[in-house]
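Quick one: the structure is below, and I'll ask about it shortly.
The values are calculated or read from the model by the stated rules, or taken from the named source; none is laboratory data. Keep in mind it's a predicted model, so treat the numbers as computed, not measured. Positions of Cβ are backbone-derived with ideal geometry, glycine not excepted, and every protein chain shown enters the neighbour counts.
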Amino acid sequence: MKCTIFTLILVSTISCLYSVHGHVLLNHVVVEYEIYTDAVTWDEAIQRCESENGQLARIPDKRTDDLLRDYIYYSGANNSVETGFWIGLNDRATENTFVWLNGGPVCYTNWAKDEPNNNTKRNAAEGQDCAQLRKSRDFKWDDEYCNDIRTKGYICEKQVCNFCDTC
Ligand SMILES: *[C@@H]1O[C@H](CO)[C@@H](O)[C@H](O)[C@H]1NC(C)=O
Ligand SMILES: *[C@@H]1O[C@H](CO)[C@@H](O)[C@H](O)[C@H]1NC(C)=O
């Protein structure tokens, strides 16, 4: 049975929640993406996703990246965030080695020009360790201060069950 499903279903636009249900097989697990425009830090974003039984999103390939970007514009979510959306990519553990919070290989990246740059202007001690889809760069990827006060939304991935799953 062919189980690669990639349907885009608009589920909800309740207040500041935009849901993009792009089902994609990620390491053989079907996930959906949910785009939130609440303004949070990276650590808060982790907690928010976990409270929805999800994880801060991984983006496995260009197709998913393009879909998310298209949907951010299509839904108008681009208008509702100041600077971007957090994703799960970070180099907190080892400088300059970016990993997904939720594990798995980093098969694809889409850094904006001259990023990641580990800018230290606003935080010389830490630099920039947490990735966002950056609004001013057409939502290409950018390393950012994890506790940046310039507010950002976040994107969660959530495992879902479908006819191919046994969960
Ligand atoms: C958000 O995207 C829409 C559709 O592309 C565009 O018309 C609008 O100007 C964008 N908003 C901002 C703040 O860039
Ligand atoms: C990033 O900046 C921090 C803080 O200045 C520094 O400790 C770290 O070595 C830098 N990382 C890279 C890859 O330059």
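Determine whether residue 150 is more than 23 Å from residue 35 (Cβ to Cβ), charged (D, E, K, R) and modelled with pLDDT under 90. Don't jump to the end; show me each part of the working.
Numbers: more than 23 Å from residue 35 (Cβ to Cβ): no; charged (D, E, K, R): yes; modelled with pLDDT under 90: yes.
When the stated conditions are applied, residue 150 does not pass them.
To continue, here is another question. Do you know which residues across region 65-100 are among the polar types (S, T, N, Q) and touching a residue at least 24 places away in the same chain (Cβ under 8 Å)? Show your work before the answer.
Going residue by residue through region 65-100, those that are among the polar types (S, T, N, Q) are 75, 78-80, 83, 90, 94, 96-97.
75, 78, 80, 83, 90, listed by residue number.
Quick check on region 85-108: of everything there that is under 12 Å from the mean Cα position of the chain (by Cα) and within 16 Å of ligand 2 (Cβ to nearest atom), which residue is surrounded by the most Cβ atoms within 10 Å (Cβ to Cβ)?
First, the residues of region 85-108 that are under 12 Å from the mean Cα position of the chain (by Cα): 85-90, 100-102.
Next, only the ones that are within 16 Å of ligand 2 (Cβ to nearest atom) stay: 89-90.
Details: 89: 23, 90: 21.
That would be 89.
I need the full set of residues from region 43-96 which are of a type in the set (Lys, Arg) and not in a helix (DSSP H, G or I), in order please.
Pass one, region 43-96, residues of a type in the set (Lys, Arg): 48, 58, 62-63, 69, 92.
Within region 43-96, 58, 92 meet the criteria.
Return the residue satisfying two criteria in turn: it lies in region 125-149 and is over 18 Å from residue 99 (Cα atoms) and among the small types (Gly, Ala, Ser), and of such residues it is farthest from ligand 2 (Cβ to nearest atom).
Ranking the candidates gives 136 first.
Condition first: touching a helix residue (DSSP H, G or I) at 6+ places or on another chain (Cβ under 8 Å) and either among the hydroxyl-bearing types (Ser, Thr, Tyr) or within 16 Å of ligand 1 (Cβ to nearest atom) (or both). Now tell me which residues in region 67-109 satisfy that.
Of everything in region 67-109, those that are touching a helix residue (DSSP H, G or I) at 6+ places or on another chain (Cβ under 8 Å) and either among the hydroxyl-bearing types (Ser, Thr, Tyr) or within 16 Å of ligand 1 (Cβ to nearest atom) (or both) turn out to be 71, 72, 77, 78, 81, 82, 83, 84, 85, 108.
Does at least one position in region 113-122 carry a residue that is within 16 Å of ligand 1 (Cβ to nearest atom), crowded, with 18+ Cβ neighbours inside 10 Å and at pLDDT 90 or above? Before you say what the answer is, go through the steps one by one.
So the first thing to find is which residues in region 113-122 are within 16 Å of ligand 1 (Cβ to nearest atom), and the list is none.
There is no residue in region 113-122 that is within 16 Å of ligand 1 (Cβ to nearest atom), crowded, with 18+ Cβ neighbours inside 10 Å and at pLDDT 90 or above.
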